[in-house]
Structure formats: C-alpha cells, structure tokens
Amino acid sequence: MSQHPLPDNLHIDTLAVRLAVDRSQYGENSEALYLTSGFVQPSAEISARRFAGEEDGYTYGRTGNPTVSSFEMRLAALEGSEAAMATSSGMSSVMLMLFSLLKAGDHVLYSQSMFGSTIKLIGSEFARFGVASTMVSQTDLAAWKAAIRPNTKILFAETPTNPLTEVCDIVALADLAHNAGALLAVDNCFATPILQRPMGMGADIVMHSGTKYLDGQGRVMAGALCASEKMVVDKFWPVIRNAGMVLSPFNAWVVLKGLETLDIRMRAQSARAHALALWLEQHPRVARVYYPGLTSHPQHDLAMKQMSGMGGAVLSFDVKAPDPQTARTQAFHVLDSLRVLSLCTNLGDTKTLLTHPASTSHGKLSEDQRQAAGIGQGLIRVAVGLEHLDDLKGDLLRGLDTLG
Ligand SMILES: *Cc1c(COP(=O)(O)O)cnc(C)c1O
C-alpha cells in the first residue's frame, strides 16, 4: 500500500533499511508495530468501499496490516519482484502457493532433495486432493525435462539444498517450465536475495522461510511468496484472506528489522562458512565436505555464477568411519563435545547451529532411502553464524580430535 515518498532509483541496500509504509503522525524512525486485529473505519461509506475492494485501506488483520505490508514491500524490493505476500511460516507459503495455483488433475514436478515437509505436503497431502507429482534428481536437467507432462503446472526447485548443498540451474529450469507452459517456483531460503535473485533468472515465484536468514537471529516463524503484482492480487490474496495463514504483525516487525542487516550478515556468515569448509576439508577425521564454495563441489562453477560468487552459510561434512554404526557414534561424539555451538534444528541464526540429519530431518527414511539420498550416519550439518572463526574451529576440534 502507500509508502514513504522515497526518490526513485535508490539502491537495494538503501531500500532494505528505508522502504516501508508511511510513518504515523508521531514520526517514529523505527517502523511502527501495529499490534491490532481490527482497524477503525473513518465512515460507513469508506468502509463499504474498502470491503468491496474499491479503495485501499486496512480493515481486519486477516486481510492486511501495515507492519506486514512494510515487510512485503521490503522483501519484494530485495528479490526484485513486483510484489510479495507474507505468511505465517515457510511451509504455509508453500501451502498458499499450491492451494492458489493448482486444482485436481494438475501435476507438480519437483526435486527429490527438497525440504522434507515440502515433499510431504506435495507428495502426500496434495495427492489426497488429486494433484499428481513427480520427484526428480536435483541436478539432472534431462530428468526434469523427461518428467514434464501436459498437465504439469509448476516446477518447484530449492537451491542450494539441505543438507548436501546441491545446486540446480535456475535459468535452465525456467526455460524448461516456460516451454511447457508451466511456472517455475524457487525456494530461496538458503541463498537469500543477497546471493541469488531467481526472479531475474526467469523464476515466476520465489518462496521464503522467513524463519531462517530473513529474521537472522532465530526468533520468529515467518514465510513469504514473491511474484508479479497480478499473481499476488489475483491468486494469493483471495486465498489467504479466507484461508488465514497470515503473518502476525509482531513477527512481521521482527523480520522487517532483520532485512536491514541481511546483506552484511549473509556476507559475513558466508565468508566464515567458506573458511570453515576449507579447514574441515584438511582435517584427517573428515571424509568429505559439502559446500558450494569449494572447488571440490560438483556444481561449483554453476554455484559461483548463480550465487554472486559466494557459497552461502550452510555446509555439511562426513566424519570418517568404516561402517554406518561407527559413523553414527563418531558424529554423536562430535556433537556431544560442543560447548559453544548449539545442537539445534533451524538455520540462518547468528549462532552456529549443528544437526545430525540422519536422526532428525531425515530420520523417518529407511536406511536404503537415506543411502540413496546421500545422507550418511556420519553426516553433520553446520549452519554457520557469526562467532569468531577460531572459536568455531576450536569447538569442532573438541570432538574431532578425540574421536576413538
Ligand atoms: C525451514 C525451511 C522451510 C520451511 O520453513 P518454516 O518457516 O520452518 O515453515 C522450507 N524450505 C527450506 C529450505 C527451509 O530451510
């Protein structure tokens, strides 16, 4: 809705700290938190026009809130999209997208390496309503192409992926989708618009878990979809106003402030992750490191081109072990030896968070499925934060140097 009368052609860094709805009559410098469910209407006539959609204006929290609008405007500016729609979590943004764009008989094509809940939502929940889907290899473009059907409506990709940081080619997938009359949606959670702006590469929708880097300090759940003004207004808005997975104004305010430092956080955390990945690659107890910034990464060249020359802030590594049982024991030893870093689900925090994917995010898979996905028992994921590099290394060494 209405915004500060900012001059045109400001840089993204500036918009990230300045773009918001108008200041209130009090002139607050930090954006106001409008913690209210309803909005008092100036007159019955204006109220009627607002409800009829003939005039802009806030009415009720499920149909809009100024703090939420400020977050949407800022995120859209960062992603280079015409508009954005905030949701209550990353998963509710996936829900809103699928619910708004699909009907029974449609088909969705997506990568087998996507976020686990995304796979469940598409492959199990939406299947109950007659939406078909196919999973393909993240990096095999020929497989994506071969799996397209006449009724394919959405190609959905996430890059880099969790936890193995596989990278797919957004430009190539956008071409594939458009040639088939389908849309390309990209989960941009790991790279964020600081590293990668899928709209400029041909994507039609960018999906976010605001819970991660957009907040950046592990405080609130949030999500968003970035798209054309037409798609947001004609497709997403009519659904969210009835379905109700809206972002709370408080959470919107937290994430709005998070966007102000996204650029410097992403650069600093990415630089630490890169240094840590190089160091881990040299450690005698480490079998393999997965990080797009390493020349050993299978899609290193594509990643550097697509991600502004940075690898992001998430890496994973395998501890060396002769068999899966020993690998699990070794990985648990490294995690249980931490005294500074956190054993904690989530990522995108200023605090470094470690997880053991085989027993958590991928714990429900059979050992065979896990092997196929490349998630070994010795795999540890590190979402690198802002601690000093020496302390990051020191905390990992507590476990790595005392492996039995
Ligand atoms: C966390 C995450 C999600 C889901 O977001 P929530 O905010 O937890 O609902 C989706 N995609 C990726 C890549 C994620 O890391």
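What follows draws every value from the coordinates through simple rules; no lab data is involved. Nothing here was measured: the structure is a model prediction, and the numbers come from that model. Here the Cβ positions follow ideal geometry from the backbone for every residue, glycine too, while neighbour counts run over all protein chains shown.
Observations, loosely collected:
- Whole-Å semi-axes of the ellipsoid equivalent to segment 12-259 (Cα gyration tensor, √5λ, descending): 32, 20, 15
- By the Kirkwood approach, averaging reciprocal distances over each pair of separate Cα atoms, segment 188-230 gets a hydrodynamic radius of 10.9 Å.
- Distance histogram in 10 Å bins (all Cα pairs of segment 30-103, percent per bin): 16, 39, 36, 9, 0
- Share of pairwise Cα-Cα distances greater than 19 Å in segment 167-252 is 47 percent (whole percent).
- Using the empirical formula 2.2 N^0.38 Å as the baseline, the Cα radius of gyration of segment 133-276 reaches a ratio of 1.13.
- Positive-end ranking of V94, V186, M231 along the dipole of segment 12-259, with charges on Cβ about the Cα centre, is headed by V94.
- In units of the compact-protein estimate 2.2 N^0.38 Å, segment 272-378 shows a Cα radius of gyration of 1.10.
- With respect to the chain, whose longest principal axis is taken over its alpha-carbon atoms, helix 249-260 is tilted by about 60°.
- Using every pair of distinct Cα positions in segment 1-157, the Kirkwood expression returns a hydrodynamic radius of 18.8 angstrom.
- For segment 228-312, average projected area of the Cα convex hull in nm²: 8.9
- Annotation: the residues S47, S92, sorted from fewest to most other C-beta atoms within 10 Å of their own C-beta, follow the order S47, S92.
- Backbone geometry of segment 201-208 corresponds, through the Karplus equation with coefficients 6.51, -1.76 and 1.60 at θ = phi - 60°, to 3J(HN,Hα) couplings of 9, x, 5, 9, 9, 10, 9, 10 Hz, x marking Gly and Pro.
- Once you reduce segment 327-404 and segment 46-111 to the center of their Cα atoms, the two points are 36 Å from each other.
- Taking every alpha-carbon pair under 8 Å whose residues sit at least 6 apart, the chain reaches a relative contact order of 15 percent.
- The dipole here belongs to the chain: it is taken about the Cα centre, uses +1 on the Cβ of Lys and Arg and -1 on the Cβ of Asp and Glu, and is about 700 debye.
- Under 18 Å from the Cα of K364 - lysines, other chains or at least 8 residues apart: K120
- If both residues of a DSSP beta bridge must be in the chain, then about 55% of such bridges are antiparallel.
- Straight-line cross-link partners of K305 among the aspartates and glutamates, defined as a Cα under 16 Å from its Cα and at least 8 positions apart when in the same chain: E166, D169.
- Placing unit charges on the Cβ atoms of the charged side chains and taking the dipole of the chain about its Cα centre, the candidate lying farthest along the positive direction among W279, Q269, V40 is W279.
- Cα-centred dipole magnitude for segment 1-47, charges only on beta-carbon of K, R (+1) and D, E (-1), debye, nearest 20: 60
- Highest mobility in the GNM of the chain, judged by mean-square fluctuation with C-alpha springs under 10 Å and restricted to D323, D175, D215, is found for D323.
- 21 Å Cα-Cα reach of K257 towards lysines, excluding residues that sit fewer than 8 places from it in its own chain: K212, K351
- Projecting the Cα atoms of L155, P66, N29 onto the charge dipole of the chain, computed from C-beta unit charges around the Cα centre, puts L155 farthest toward the positive end.
- Think of each Lys and Arg Cβ as +1 and each Asp and Glu Cβ as -1; about the Cα centre, that makes the dipole of segment 263-400 roughly 60 debye.
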